[in-house]
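Derivation of every value follows stated rules applied to the coordinates shown; laboratory data play no part. Computed from a predicted model, the values in this text were never measured in an experiment. Neighbour counts run over all protein chains shown; Cβ positions are idealised from the backbone, glycine included.
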Amino acid sequence: MSATSQPSQPSKSSQQADRPAKPLPDLCDPVTAPFWAATREGRLTVPRCTSCGYRLWPPEAVCPQCQHAEFAWEEVEPAGTLWSYATYHRALDPAFADELPYVVGLVELTCGLKMYGLMRGDPAEMVIGRAVTAVFEPADDEVTFVRWAPSADG
């Protein structure tokens with residue numbers, strides 16, 4: 001190598017190949033499978049206990065109110081209010097390094113439940129109390145994630 005030549009930099013595609021894959025949910029998990037099936041269809045659903053009617057998030061195998069183990073999944077409005085958030089400047093999982101900085105928000109849905117998710121939009125424009133709507137982002141042919149973005153009217 002001559003004094004003026006520079007060592008070659010890895011190509012962007014080889015850097016992406018070296019990056020770990022983002023984790024995907026277990027679609028066979030009976031507790032969460034109905035949620036993932038709905039997100040693939042662009043719908044937001046939550047479980048409701050078929051015994052006492054308690055609606056919960058996140059899903060659990062047994063109702064925390066009455067210990068019943070059967071749930072019906074009901075569609076809820078894919079909208080809410082940004083209740084809290086944190087902006088990450090360091091990826092806790094290396095698979096998310098390409099998204100830095102990223103914002104994780106706690107959204108209070110219009111039905112009253114709270115759901116965590118990645119926020120879309122400028123991190124500097126996140127405001128607690130701002131209206132947000134769900135964005136359904138396919139990760140692959142089987143998995144669609146729910147992300148949140150500030151509402152156009154919010």
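A few points about this structure:
- Measuring nothing but alpha carbons in the chain and taking Rh as the Kirkwood radius, the Rg to Rh ratio lands at 1.10.
- The chain, relative contact order in percent, only Cα pairs under 8 angstrom and at least six apart counted: 19 percent
- The range 96-128-the range 19-51 distance, computed between alpha-carbon centres (Å): 19 Å
- Phi angles across the range 102-114 convert, under the Karplus curve 6.51 cos²θ - 1.76 cosθ + 1.60 with θ = phi - 60°, into 3J(HN,Hα) values of 10, 10, 9, x, 9, 9, 8, 5, 4, 7, x, 6, 10 Hz, Gly and Pro given as x.
- Residue-by-residue Karplus 3J(HN,Hα) for the range 126-135, coefficients 6.51, -1.76, 1.60, Hz, glycine and proline x: 6, 9, 4, x, 6, 5, 10, 10, 6, 10
- An ellipsoid equivalent to the range 113-154, defined through the eigenvalues of its Cα gyration tensor, has semi-axes of 21, 11, 9 Å when rounded to whole angstrom and sorted largest first.
- Loop-located GluC sites (Glu not before Pro) in the range 49-99 (DSSP state other than H, G, I, E, B) with a sparse environment of at most 14 neighbouring Cβ atoms within 10 Å: Glu60, Glu70.
- Taking the Cα centre of the chain as reference, the dipole from Cβ charges on Lys and Arg (+1) and Asp and Glu (-1) amounts to some 340 debye.
- Summary of packing: across the peptides 116-122, 76-82, 89-95, the per-residue average of other C-beta atoms within 10 Å ranks them, highest first, as 76-82, 116-122, 89-95.
- The amide H of Lys114, built 1.01 Å from its N in the peptide plane, has Leu109 as neighbours under 5 Å, considering only residues 5 or more places off or on other chains.
- Shown here is the pair-distance distribution of the range 39-79: with all Cα-Cα distances grouped in 5 Å bins from zero up to the longest one, the shares run 6, 26, 33, 16, 13, 6, 0 percent.
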